[in-house]
Amino acid sequence: MPAALVAATLVTVTGSSVGAEQFKPYVVKSVAGRTAESAAASNAALVKFRSGASKAARAQALGKAGGRAGASIGGDVVRVTGDRPATELVKKLKAEPAVQLASLDYIRKISATPNDAYYGGYQTYLSTVRLPQAWDLTKSAGTQTVAVLDTGIDAGHPDLVGRVLAGRNEITPGAAPNDDNGHGTMTSGIVGANTNNGVGVAGAAWSTKILPVKVLDWEGNGPDSAIIAGINWAAAQGARVINMSLGGDGDNPVLHDAISQAVAKGVVVVAAAGNTGIESPSYPAAYPEVLAVAATDNNAALTGFSTRGDWVDLAAPGWNIASTGPRSLTEPGYDPYWIGSGTSFSAPIVAGVAALLRNKYPSYTPAQVMARLKTTARDAGPRGIDPFYGAGVLDAYNALGGSWAPEFWGAGPDGNDLASRATPMTTSASGVIGPEGDVDWYKVTEPSDRVGRVTVTGPVYDGENRAQNFAPVVSVHSNSILQVLSRAQADTEPETPQQLSVSVNVNFVAGDNYIAVRNYNGSRDSRPYTVTVGAGTQVTNTSDYYWIRDAAPADFAGGVARTATPTVTFVRDLIPGSVTNSTVRLLNGKTGNAVPAAVAYDEATRTAKVTPNAPLQDNTPYRLSVGAVQDSVTTENYTGGFSSVFRTVDENPAPASGFDATGAYTTAALKWSFPAITDLDQVVVRRAIGTTAPASPTAGTAVYNGEASTATATGLANATSYAFSAFVKDRSGRFSAPVTTQLTGTATSMASTASVINYGGTVTLSSKVIRIDSQAPVAGAPISLYGRNKNSSTWREITRRTTSATGTVSVAYNPGVSTVFVWGYNGSPDLLGSRTGNLTVEVRPTITSNVSPATSKLGATTNFYGYVRPQHPGSPLYLQRLVGSTWTTITSTKLNSTGNYAFAIKPATRGTYTYRAVFQADADHATAVSPVRSFTVS
């Protein structure tokens, strides 16, 4: 595959990675526009009846509303048509007691390509979300199934063969879910095209199964009834992830209910945020159970077409994304691979990673999967959670257990974010839209009232080759900033690349007048624009009014003190009771949670002051947000949704708390609690021998580096004291002051009453435990006696005792075999455990001996016999004779099953004979000798 494609023309490119193979990209053009408007299906509604509603009650409800029941969508949901407009039908149905939910059967549209199509870099976006690194951790989605609710699929595509399950067609029931549009095959390939096969494209999740559900027709449109049926069917088939690269602006409670039920069954639902380029909710993405995905370019910068809103959860690349295309729709001479841009192609990247995550952590609930993907995302744009990127840009590597990566670049304050900080100008000025959502203010001071004209001219708008463009929006305000004198907006989608400008005539007033400039779609553009003021014509002022004069800290400010008390100054007089901690809020930018604070309003200065209950966290984004405060004259509610973002100063993190150690033998269990911190890198734990803890994170010996709140120190020496330090490290490399703890070493001794005993005998084993620092006894400590057979490596706990006031303990024990003993003290919250050395007690078998008769005649036989305890069936027993002062082995026999033995002795000469039996040591017992026996031969 080529690393790059030539833009604007369909050029055959030979890629170095495919040798002489010709790769001809096919560009997706105008698959969908940038509108999010939905149209209800003609005279069609969706109804969910209440559980338990009788057939008669349902028929009565439909009859009263003038509706006719159509196909069942599943469960208690049916599609209803009638002669009256669908909006009236829904209204009447909602009033019926038997009806739980009723909605228009909206038509959804694919959230795919903006009007422009592109050739561009080929799959370099995978590095933006660190998928190549994630594949080093896990490539396979295992048995996870991703349902793709879309326009269908080309199941026979060479890069999808083996990945596609038998699907379903909700547009033409009974037919195969073939793709007659191209969109569904593209989204499917992004999720899970065959990877590492030498051809085509790489899917996000290797080996995942794709379940195609056709819910959109050849134009990319589909009713909610088909989508709901598809959701229900996919969930019933065991899909673990559902991708919906579709959407529209109609909030359908029946659709929402179907999604809620799928999530309750354990399905993760992912949807495209939409391609309107403005702030407007798109459904199903805007439902809270759905993971809503915005689109960035390959540099993680938000695209100009990506829909924004507080409901956006994540962002992922959606610009010049390459994937599989239907063979039947690919122009002759081109391989079936297409390139497209849109949030439709961002969502399946996230869906594929969700499948990898579910395979690695199968116990995760959908909420846990969503939380994991969001908390591990890389911040981009305005710091913290924002309406453009949500929690940030997907980081597949971090989500799947890899290390974190630095935040993406974010612009700082530009100094003119509000009228109070407006840039003075006379006839012209220039500026740049830096962070997403940036508004630049300029101040023009007039000596008297006059008619003027304000023009804002941006750089060339080139939607064909740029993911971000500037479409200027301008508003001019009176010297009190209260009245909006005039406003205008440039064309947001020019047909050809051109320099966009917008002009407004304005009735300037004597004194200060203010000009506000922003980008229509909220995205950033590093290229400068110009603002000019000239002569104009008389106009009628608007009736719009402005509310916010100033806010501190400044928008996008950094290094703000943790003791800051944010303020908002209003243009209007407000009803004091409307200014509360629910209408003027300070939010933690990382979590979205409100910061506990007191809000006070000063009527004289029109200023609301937010005083947090505790110092803010360091190096943390915060969002100052204004809601429905009320004007004291008109009682009008503010609906502008003002917010500004700032970040606190980066200080050394606070130390951990509750750092403690519990001793064991050669190990210690460590635990601690994290301080309030939003940029944790790791906790560093070090140790040193003795009582002085390491003073720095590089001193001593490493114990642990990581993000957990517990650790185990291993490899500690016996009878040695240790001191430990823990340091909290943040992502900027700063360390906290250390917290320390220590464990005192102990020494355990052992003694025994014998080293060798006979079988059946008893040995007494005693021990004493002392502290090594003071030699004081350790009283009341549990101590265990361990043993193992002499020739075995397996230890067993024989007994456990508690030391006396003098630190001593003793045990009388009857070992059956030769045993190696150890006393072990296992430690405590203050003391390390210790062990004694090995002590072996040999156990000798008991051997009896008898001789009969004691006297005999020459030529007669004398018997030497007895038994061995414990029995050793089959073991050899040796007969020895005393000759002079030397014992000589005469013969041997094998012990029988009862351990008995017998030797028949027939001496060849007269005299006195002395014998004994000898058991040679084996794995369990020591050598043993029987009593000596003598007899006489005459």
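Read-outs: derived from the displayed coordinates by stated rules, not from any lab. Keep in mind it's a predicted model, so treat the numbers as computed, not measured. Because the Cβ atoms are built from the backbone with ideal geometry, glycine has one as well, and the counts that use them run over all protein chains shown.
Peptides 520-526, 506-512 ranked from most to least packed by the mean count of surrounding Cβ atoms within 10 Å: 520-526, 506-512. Under the convention that each Lys and Arg Cβ holds +1 and each Asp and Glu Cβ holds -1, the size of the dipole of the chain around its Cα centre is about 5820 debye. DSSP beta bridges fully contained in the range 419-546 are about 95 percent antiparallel. Cβ crowding within 10 Å ranks V369, V215 as V369, V215, fewest other Cβ atoms first. A straight chain from N652 to T591 at 0.36 nm per residue would run longer than the Cα-Cα distance by 19.9 nm. Multiplying the residue separation of S752 and L882 by 0.36 nm and subtracting their alpha-carbon distance yields 43.3 nm. Each of H157, H477 was scored by other Cβ atoms within 10 Å of its Cβ. Listed from fewest to most, they are H157, H477. Once each part is reduced to its C-alpha centroid, what is the distance from the range 655-699 to the range 799-848 in angstrom? Distance between centres, Cα-based: 34 Å. Ellipticity at 222 nm from helices only: DSSP H runs of n ≥ 4 in the chain, each -39500 (n - 2.57), divided by the residue count, give -3000 deg cm²/dmol. What angle, in degrees between 0 and 90 and rounded to the nearest 10, separates the Cα long axis of helix 55-65 from the longest principal axis of the Cα atoms of the chain? The two axes meet at around 20 degrees.
Against the chain, whose longest principal axis comes from its Cα atoms, helix 224-236 is set at around 0 degrees.
Ranked for footprinting exposure by Cβ neighbours inside 10 Å, fewest first, T324, T666 give T666, T324.
Charges were assigned to the Cβ only: +1 to each Lys and Arg, -1 to each Asp and Glu. The resulting dipole of the range 846-937 about its Cα centre is roughly 380 debye.
Inter-part distance, the range 363-408 to the range 710-727, computed on C-alpha centroids, equals 35 Å. Which of rounded, prolate, oblate describes the range 549-648, given a ≥ b ≥ c as roots of the alpha-carbon gyration tensor eigenvalues and a/c under 1.5 marking rounded, otherwise prolate only if a/b is larger than b/c? Prolate, since a/c reaches 1.5 and a/b exceeds b/c.
Taking one quarter of the surface of the convex hull spanned by the alpha-carbon atoms of the range 243-304 gives a direction-averaged projected area of 4.5 nm².
Centre-to-centre separation between the Cα atoms of the range 472-491 and those of the range 128-176: 49 Å.
Over the range 407-504, Cα pairs under 8 Å with separation of 6+ residues give a relative contact order of 24 percent.
With respect to the chain, whose longest principal axis is taken over its alpha-carbon atoms, helix 347-360 is tilted by about 10°. Karplus-derived 3J(HN,Hα) values for the range 201-210, using 6.51 cos²θ - 1.76 cosθ + 1.60 with θ = phi - 60°, are 10, 9, x, 5, 10, 5, 6, 5, 9, 9 Hz; glycine and proline are entered as x. Out of every Cα-Cα pair in the range 856-930, what percent are more than 15 Å apart? The proportion of pairs with Cα distances above 15 Å equals 57 percent.
Think of the range 549-648 as having a plus end and a minus end, set by charges on the Cβ of Lys, Arg, Asp and Glu; of G559, V579, N613, G559 sits farthest toward the positive end of this dipole.
Considering only A155, I242, I228, the residue lying farthest towards the positive end of the dipole of the range 122-245 is I242, judged by Cα position with unit charges set on Cβ. Hey, could you get me the Stokes-Einstein D for the chain, Kirkwood radius over alpha-carbon pairs, 4 °C and 1.567 mPa s, rounded to whole µm² s⁻¹? Using the Kirkwood radius from Cα pairs, D works out to 38 µm²/s. Converting phi to 3J(HN,Hα) with the Karplus coefficients 6.51, -1.76 and 1.60 and the offset θ = phi - 60°, the range 162-179 yields x, 9, 9, 8, 5, x, 8, 10, 8, 7, 10, x, x, 8, 5, x, 6, 8 Hz in sequence order, with x at every glycine or proline. First check a/c for the range 125-399, with a ≥ b ≥ c the square roots of the eigenvalues of its C-alpha gyration tensor; if it is under 1.5, answer rounded, and if not, answer prolate when a/b is larger than b/c or oblate otherwise. The shape class here is rounded. Per-residue packing, averaged as other Cβ atoms within 10 Å, sorts the ranges 727-733, 338-344 into the order 338-344, 727-733, beginning with the highest. Set Lys and Arg Cβ to +1 and Asp and Glu Cβ to -1, take the dipole of the chain about its Cα centre, and tell me which of A726, G431, S526 lies farthest positive. Toward the positive end, the furthest listed residue is A726.
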